[in-house]
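The values are calculated or read from the model by the stated rules, or taken from the named source; none is laboratory data. Model, not experiment: these values are computed from the prediction. So basically every Cβ, Gly included, is an ideal-geometry build from the backbone, and we count neighbours across all protein chains shown. When the accessible area is computed, the model is the full protein with side chains, heavy atoms only, and any ligands, DNA or RNA have been set aside. Shrake-Rupley method; radii C 1.70, N 1.55, O 1.52, S 1.80 Å.
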Amino acid sequence: MAPDVAKATLGLTLPLQIDPPKISFAAKEINITTEWKGDMLALAVTEKDLTKDKTSKFQNPILNKIDSKHGGLLFQVSTEEDFTGKPGQSVVLRLSGNGPKRVGLFGLGKCATGSSMSAYRALGESVATSAKAYQANNVAIVVANSDDLSSVLKLTAASAIATGVLHGIYEDNRFRSESKKPSLISIDFLGLGGGPELEKKLKYTEQVFTGVVLGKELVNSPANVLTPAALAQEAEKIASTYCDVFSVKILDTEQCKELKMGSYLGVAAASANPPKFIHLCYKPTSGTVKKKLALVGKGLTFDSGGYNIKTGPGCSIELMKFDMGGSAAVLGAAKALGQIKPPGVEVHFIVAACENMISGTGMRPGDIVTASNGKTIEVNNTDAEGRLTLADALVYACNQGVDKIVDLATLTGACIIALGPSIAGVFTPSDELAKEVVAASESAGEKLWRMPMEESYWEKMKSGVADMANSGGRQGGSILAALFLQQFVDEKVQWLHIDMAGPVWNDKKKSATGFAVPTLVEWVVANSSC
């Protein structure tokens, strides 16, 4: 976070400048039992890999070979500890001698191929957790069924494991008075191949994760630190760091008035922190641009609910710093793409950043605001504010001459009720765009589910005095929100909306997830090769 912004924040809170852990990933083809001598050898096993024969030996050749080297200890402990290879299971042994200091079994579940991103990512997280617990500097990972994997699936498995390790080792300690650095320095992949393709895949994984870290840190940052101005400075930092491919414009209140963004400015009117409209633009350094894309992220750095203030159990007002999760995903993707530099595609990253607060200058229930496309909106609920900011952002995006738009928002609690905490809802009238984005999410290991755009529900959004209302009640709330956003998208532009209210935050870890950054990067890269 930029120091000059942080100094002006409430409560004298200054985030520490902590660099994310740097882990070296390498693929090696060596004799596992004699040549590797680091801190921990992690054996990834499926339930099938643990099949035993009548002579108390593993049938899996890799497991059997390593177990024989260590006097049958792995077989013994797997029996005594009832280790069956289920996901999340692990057991680690301390060894003596000249080999690895520790050897561990880590469960992959029933997964028998590299097609399950989630199983391999979970494995990576589990290995990272053990590495932290045992203060291991050097870890080697062996997939016991690697002989059954194709070269493509080996790449997928290595990338997913690396992603899991990076997530597992990362901790956001910027707001702690004391923090401990992780000890893990290197990960060696044994038996998963090697060469330029794997090196390129692992480098890509690390580049994407730098964007995920930015996404996590932005969402984790409290509203007294991450103001709209601070969010704008993060965009400027990306443009400055990757100035060969990025340019940036930050529009202030007066400039937004000139563009007639009454819907966005209505939401921002109550806050002492002025709004900042962010427009980052990525253009490749050479070659023809074949596709023009826009990524639009909801940027409410805090949402009190306005005069429809969030109250009562479950309102989660204390977590409303994460209401800018869509913008965090957009800026995180921008940071990653600044390093990857995909050719043939121009990308506009757009965020209408502001706060939804309460004051005498604020928007009242019943007020009518006018969006930049001339449509009028009766505000019957000031807590349905994200769609009001996105309305003007979507109009702006269409005016950039883009072919496709993906918008992302922590928009409705209704979507969490429908899909739970780990799946985001997808809304679009375009089957083609839905297939593209869902395919990108599957490659990224993230979960999306397409929801209906039920046109008949629009009746609930009608107003007696304006073109539309901004809320239509609780039933089908996430569908109504998507139908509202559609009113501000040019019919010639393919558009898709992601409601990520659930997966933006991990309740168990009390921390941001960095959700959607990998999916957005995959989608842009896929479009660059079309």
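Among the residues of region 365-385, those identified as assigned to a strand (DSSP E or B) and not hydrophobic (A, V, I, L, M, F, W, C) are 370, 376, 378.
Could you please let me know if residue 433 is open to solvent by 10 Å² or more (accessible area, probe 1.4 Å) and of a type outside the set (Ser, Thr, Tyr)? Judged against the criteria, residue 433 is not a match.
Can you pull out every residue in region 117-165 that is open to solvent by less than 10 Å² (accessible area, probe 1.4 Å) and of a type outside the set (Gly, Ala, Ser)? Matches in region 117-165: 120, 123, 127, 139, 141, 142, 143, 145, 161, 165.
Of all the residues in region 474-488, those that are under 22 Å from residue 374 (Cα atoms) and open to solvent by 20 Å² or more (accessible area, probe 1.4 Å) number 2.
Here region 188-216 is the region considered, the condition is being without any contact (Cβ under 8 Å) to a residue 60 or more places away in the chain and charged (D, E, K, R), and the residue that is least open to solvent (accessible area, probe 1.4 Å) is 201. Counting only residues that are modelled with pLDDT under 95 and among the hydroxyl-bearing types (Ser, Thr, Tyr), region 177-213 holds 3 of them. Checked across region 289-305, the condition of being of a type in the set (Phe, Trp, Tyr) and buried (at least 23 other Cβ atoms within 10 Å of the Cβ) holds for no residue. Just to be sure, is residue 119 farther than 13 Å from residue 40 by Cβ and either within 26 Å of the chain's Cα centre (by Cα) or not in a loop (DSSP other than H, G, I, E, B) (or both)? So residue 119 passes the test. Of the residues making up region 12-37, those that are of a type in the set (Ser, Thr, Tyr) and farther than 21 Å from residue 196 by Cα are 13, 33, 34.
Among the residues of region 484-530, write down those that are part of a loop (DSSP other than H, G, I, E, B), closer than 16 Å to residue 408 by Cα, in contact with a strand residue (DSSP E or B) (Cβ under 9 Å, 6 or more places away or on another chain) and of a type in the set (A, V, I, L, M, F, W, C). Residues satisfying the conditions are 489, 500, 501, 504, 515, 516.
Cβ-Cβ distances below 9 Å connect the following pairs, each with a first residue in region 287-311 that is without any contact (Cβ under 8 Å) to a residue 60 or more places away in the chain and closer than 10 Å to residue 356 by Cβ, a second residue that is hydrophobic (A, V, I, L, M, F, W, C) and part of a loop (DSSP other than H, G, I, E, B), and a separation of six or more residues or different chains: 304/270; 304/357; 304/358. Kindly indicate whether any position in region 343-363 is touching a residue at least 60 places away in the same chain (Cβ under 8 Å), farther than 26 Å from residue 435 by Cβ, touching a Leu at 6+ places or on another chain (Cβ under 9 Å) and not in a strand (DSSP E or B). So far as region 343-363 goes, yes, one or more of its residues are touching a residue at least 60 places away in the same chain (Cβ under 8 Å), farther than 26 Å from residue 435 by Cβ, touching a Leu at 6+ places or on another chain (Cβ under 9 Å) and not in a strand (DSSP E or B). Evaluated against (1) closer than 16 Å to residue 332 by Cβ; (2) touching a strand residue (DSSP E or B) at 6+ places or on another chain (Cβ under 8 Å); (3) of a type outside the set (D, E, K, R), residue 261 falls short on exactly one condition, (1). Being among the small types (Gly, Ala, Ser) and touching a Cys at 6+ places or on another chain (Cβ under 8 Å) holds for only one residue in 478, 511, 430, 441, and it is 478. From the list 471, 463, 443, the one residue that fits, being open to solvent by 10 Å² or more (accessible area, probe 1.4 Å), hydroxyl-bearing (Ser, Thr, Tyr) and under 20 Å from the mean Cα position of the chain (by Cα), is 443.
With the requirement that a residue be surrounded by fewer than 21 Cβ atoms within 10 Å (Cβ to Cβ) and in contact with a helix residue (DSSP H, G or I) (Cβ under 9 Å, 6 or more places away or on another chain), what does region 446-460 give you? Matches in region 446-460: 447, 449, 450, 451, 452, 453, 454, 455, 457, 458, 460.
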